[in-house]
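Since the structure comes first, as C-alpha cells, the remarks are kept for the end.
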Amino acid sequence: MNGAELLVRCLENEGVEYIFGIPGEENLAFLEVLRTSSIKLILTRHEQAAGFMAAAYGRLTGKPGVCLSTLGPGATNFVTSVAYAFLGGMPCLFITGQKPIKTSKQGRFQIINVVSMMASITKMTRQVVSADSIAALTREAFRTAVQEKAGPVHLELPEDIAAEPVSEAARPFPVTDVPIPLASDEALRKVAEIIKQAKNPLLLIAAVANRRQTGAALKQFIDRTGIYFFSTQMGKGTADEFHPRCLGTAALSDHDYLHCAIGRADVIINVGHDVVEKPPFFMHRDGVQVIHINYFSAVFDEVYFPQHEVIGDIADSIERLSELLQPDSSAGNGYFSLLKKEIEKNVYRCTLPATFPYTPQQLTKVLQELTDQETILSLDNGMYKIWFARNYKSADPSSVLLDNALATMGAGLPVAIAAKMLFPQRKVIAVCGDGGFMMNSQELETAIRLKLDLTVLILRDDGLGMIKWKQAGMNLPQFGLDFGNPDFVKYAESYGAAGWRVSEQHQLPEILDHCLNTPGVHLIELPIDYAENESVLIEELRKKTCLIG
C-alpha cells in the first residue's frame, strides 16, 4: 500500500461520501485509488465552487466535506472558499497536490508555499512529508475540523509521498467522538436569576446555534418561558419563524422594527453569537445586560462585550437553563406583543402593488406563497439577501442558506448543488444576482451532469445592486457599477438546461411553479427593481415610531 491508498482508506474510514474538486497530474496516484473507492468524485468546473460545495456539506451535515485540487493555481483557486468556511464555521478538508519534495523534476514550476498561504484561514494546515504519517494527520484533521469553532483544515500531499510505500503496520485510526464540555451549574444558576428578575428579556439566536441540533432545545425554552426571540441572518430558521413569539431576523444592524424590542429589552440572551457575523445590534456601555451562551467564550469588540457567559454544549445549556426557569406564558406581553403585530403588518403581510419589474418585497412574497417549509433557498450575496433575511420566514435551519460572515459572491449555485445532493427529495432554489451568478455559472454543467432537479433564479439589474445602494447612501454619484449580461435563456440552453424569462408581472408564479415541479435544471431570468432600497430600508424605517412610549 502506498500513501495515496492509505489516504483514501482513511477518508473511507471517516465516512466520506463525496470529494468535490478538480484533479491535476500531481493527484493521479490518489485519483487511481479513488476510482475503485466507495467515495464518489464530483468533478466541478472550478476549484472555488468545489470548496463552496464541501463547506455546504459540512454546514448541513456537521461532518467535514472534502475537496481536492492540484498545486499552484488549483490551490490558489481554493482560497475564497476556504475563507468562506473559516469565517462561517463550516467543517471541511481541503486536499491539495504538490510536486515531489524529495527530488525536483521541474524546478520551481507552479510551486508556491501553499501551507503558509493556508495558515491564516484554516484551523490546521500540514504538508505530508512521510506516507506513514498520513493516518495520524487525517484523523487529527477530521477531529480539528469539527471541534468548535468548526472550520476548514488543509493537507498537502506531494506526488512522491503519494507513491511512497507505507509500513505494514500503517492503517486508519479508529474514529472517536470528542465530547463537548458542559457548562457549569454555577454559571447557569447565575444567568437564570438574572432572567427571572428581567422585565423584558429577549432571546437572540445566532450562527453557531445553527450548526448543531439545538432547535428542539430552543423551542422547549421558548414555549416554557414565553420569551420573544429574533435571529441573526445565519441563525435564521434555527427556531421556527412562524412561531407567535418570533420578531424576525436582524437583516440590518439598527433602525428596524425589531430594534424597538432591543431598545426595550433589559436582558438579551445571545445564543451562538460569533463576531464574524455582521452585528444584529450595537451594544452600548450601559443599559441592557447581555448573556453569551456558546460553545466558546466571547470575543470582545466595540459592539459586543457580554457581561455574563455560559460556555459549553449549547443544547445542553438551554435545556438545563429552561429547567431552572418557571413557565411564564405572559412574558413580554404588552409592548413586545404590540410590536409583533406591527412587524407582521409592515414586514410580512404588507400589501404590495403589482408592479414590474419585480421589487424584492414582491419576490419574497411570491416565494413564500409557492414554497413549503421543506424547500431550500440558497442565497448568493447581494442586495436581495437583506430582503430575504428580513421578509421571508424560515421554519428549518437548512431552509435558507446564506453567508453573513465572508459574504462572498459566487456561492449560491454551488451551495444549492450540494444541498440538492444531500436532500434529493426537497425542492432547491438558488437565488442569485446577475453579478454573483456569473462568477460560478459554469457549475450549471455540473448540476446537469449530476442529473439534479434544480431551479436557478437570476435577479437581473445589470449592475452591482448592493454597492449602488451603499453609493447612493453616501450621496456619491453613480459610477463604475454597471455591466452587460448574456442572454440568460440561451446561456442556460447551451448547457442543456431549460431557460425562462419573466417579461410580465403575472408570469413569475406560473413559471416558478412549473420549474419546481418539473425534473431537470431550470434557469429563470427575472428583472429586479431595487429603487425602493433607500425609501424602505432607510427613509421609512427612520420615520417609524417604536409604538408606545
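Please treat every number below as a calculation from the coordinates, not as lab data. Just so it is clear, the model here is predicted, and its values are computed rather than measured. Please note: Cβ atoms are built from the backbone with ideal geometry, for glycine as well, and neighbour counts cover all protein chains shown.
What the table below lists for this structure:
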item: Where no second cysteine Cβ lies under 4.7 Å, the cysteines concerned in the chain; result: Cys10, Cys67, Cys92, Cys246, Cys350, Cys432, Cys515
item: Debye log10 I(q)/I(0) for segment 306-374, one point scatterer per Cα, at q = 0.20, 0.22, 0.29 Å⁻¹; result: -0.93, -0.98, -1.21
item: Whole-angstrom Cα spans of segment 185-342 along principal axes, big to small; result: 38, 35, 30
item: Set Lys340/Lys420; Lys123/Lys219; Lys190/Lys236; Lys196/Lys345; Lys40/Lys63; Lys196/Lys340 screened for pairs whose C-alpha atoms are more than 25 Å apart; result: Lys340/Lys420; Lys123/Lys219; Lys190/Lys236; Lys196/Lys345
item: Cβ-based exposure ranking for Glu168, Glu156, Glu309, in which fewest neighbours within 10 Å come first; result: Glu168, Glu309, Glu156
item: Under DSSP loop assignment and at most 16 Cβ neighbours within 10 Å, longest chymotrypsin sites (Phe, Trp or Tyr not before Pro)-free interval of the chain; result: 301-478
item: Test item: Cα-centred dipole of segment 333-474, Lys/Arg +1 and Asp/Glu -1 on Cβ, debye; result: 360
item: Karplus (6.51, -1.76, 1.60) ³J(HN,Hα), θ = phi - 60°, over segment 234-239, in Hz, Gly and Pro reported as x; result: 7, x, 4, x, 4, 10
item: Overall dimensions of segment 167-230 by Cα: Rg and Dmax, Å; result: 19.0, 67
item: Nonlocal amide H pairs with His154, under 5 Å, H built at 1.01 Å; result: Phe94, Met124, Thr125, Arg126
item: Amide H contacts under 5 Å for Ile376, placed H, 5+ residues apart; result: Lys427, Val428, Ile429
item: Packing-based exposure ordering (other Cβ within 10 Å, fewest first) of Lys345, Lys490; result: Lys490, Lys345
item: Charge context of Phe356, other residues only, Cβ under 15 angstrom, K/R +1, D/E -1; result: -3
item: Neighbour cut-off at most 14 other Cβ (10 Å), DSSP loop, GluC sites (Glu not before Pro), segment 327-391; result: Glu374
item: Rg/Rg_globular for segment 350-537, with Rg_globular taken as 2.2 N^0.38 Å and Rg from C-alpha atoms; result: 0.97
item: Segment 6-53: C-alpha gyration tensor shape, a/c 1.5 cut-off, then a/b vs b/c; result: oblate
item: Magnitude of the charge dipole, the chain, Cβ model with Lys/Arg +1 and Asp/Glu -1, debye to 20; result: 460
item: Semi-axis lengths (Å, descending) of the ellipsoid that matches the C-alpha gyration tensor of the chain; result: 40, 31, 20
